[in-house]
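Every number here is computed from the coordinates shown, using simple stated rules; none is lab data. None of these values were measured; they are calculated from a predicted model. Virtual Cβ from ideal backbone geometry, glycine too; neighbours counted across all protein chains shown.
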Amino acid sequence: MTQKRIAGQARNDRKKGNMKKLLLLTLTIISIITPHKSHAVDITAGLTGWYAWGEQYNVQTGKGNAHNSLIESDPSLLYGPALSVKFSDDFNLTFVFLYGKFNAVKNDGGTPEESKFNRIDTDLALNYRLNDYLKVFIGAKYLSYDIVPNNDTTGFIFEKIDAHKSYGAGLGLSATIPLTGNLFGLATVSGLYLFGNDSFVTEEIWGSPPNDVKLAYNEYGFNSNISLAYYIADISTVISLGGRFQYLIADYKNKDNDVYLDYIRFMIYGVTLTATYNFSI
C-alpha cells in the first residue's frame, strides 16, 4: 500500500471517528435533557415531500484546463418521513429523510448530455426553545448525490464514479408565528459545513494505467424554508405548504488535479408539502 493510500485511509478513519463522537454527543445530550420521572413524550410523525429543481455548476481550472459546465435538473419529487420527539418544554429532536430521482442535462457549449441521478438529503437536529416564537438548533446532516465530471476536456474515461457523499453539521434558527385561528407561519434558516471524499476510477487511456482517485473537499452553504401550516384539531394533524432553497459549494482541496474539478456549486429549490400527526406515549 502506497503512502498516499495509507494517508487516505487514515483520513477516513479519523472522519469515521468524528461521526461516532457526534453520535455519542447527541445521545448524551438526549439523556441529559430527558426527564427521569415518568411522563408523556410528545411525538410528531408523518410524511414530507419536496418538488424541486436543481442546478450543478462545475468549475475546472487546474493545470490550464479551464472549463466550466452547467447541469440542470428537471423538476422531481423528493419524499420521505418526518419525525419530531419532544422531551420537555424546551427541547425536542427532529429527523427528516428525503430521497428522489432526477433527470439532468449537461450543457458546456457542446452537445447536451442527458443523465439520471439519485439524491438523499437527511437532517437530524436538536432544538432549544428560546421563547414562544423562536428556537435555535444544532444538528448533523448527510447528503448523497451523483455528479458528472468534466471528462470531455481531460480525455479520461471514468469507469466508476461513487456518489458524492457529504457529512457534517448545521446551526440555525426557526420561527413559528401565529397568524389567525389554527393557521401559523413557519420559517427556518441554517448554515451548513460538511466534508467528504469523491472517489472514482479512470480507465486505461493513452498508455496511462487505470487510476483510483480520491479527492477531499469541504462543502459549505445554507438552507432556508418558509411555509404556512394549518392545525386540524379534530385529528391532531398539521398540514404545511411552502418553499425550500438550498445552496452549497464543494471546495476541493487538490485544485491542480487534471481529471476533476476545482469546485462545484449546487443549488436546489422548490415547493414543500408536509403532513404530520401528533400523539403522546
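Express in nm, to one decimal, how much length is gained between residue 132 and residue 88 on full extension, taking 0.36 nm for each residue of separation and deducting their alpha carbon distance.
Working: separation 44, 0.36 × 44 = 15.84 nm, distance 1.40 nm.
Computed gain between residue 132 and residue 88 is 14.4 nm.
Given H placed 1.01 Å from N in the peptide plane, which residues other than close sequence neighbours of residue 41 have an amide H under 5 Å from its amide H?
Under 5 Å from the amide H of residue 41: 281.
Modelled label-to-label distance, residue 224 and residue 171, 7 Å Cα→beta-carbon offset: nm?
2.0
Taking 32 Å as the cut-off for C-alpha to C-alpha distance, list the pairs among 101/253; 86/253; 116/253; 86/116 that go past it. List each step's numbers first, then the result.
Values: 101/253 29 Å; 86/253 40 Å; 116/253 27 Å; 86/116 39 Å.
Exceeds cut-off: 86/253; 86/116.
Among 174-187, 218-231, how do they line up by average Cβ neighbours within 10 Å per residue, starting with the highest? Provide the component values of the computation, followed by the final result.
Working: 174-187: 13.4, 218-231: 16.8.
Peptide ranking by packing, descending: 218-231, 174-187.
Label-point separation (nm) for residue 114 and residue 70, each offset 7 Å from Cα along Cα-to-Cβ?
2.0
Extending each Cα 7 Å along its Cβ direction at residue 55 and residue 254, get the distance between those two points in nm, one decimal.
Between residue 55 and residue 254, the label points sit 3.0 nm apart.
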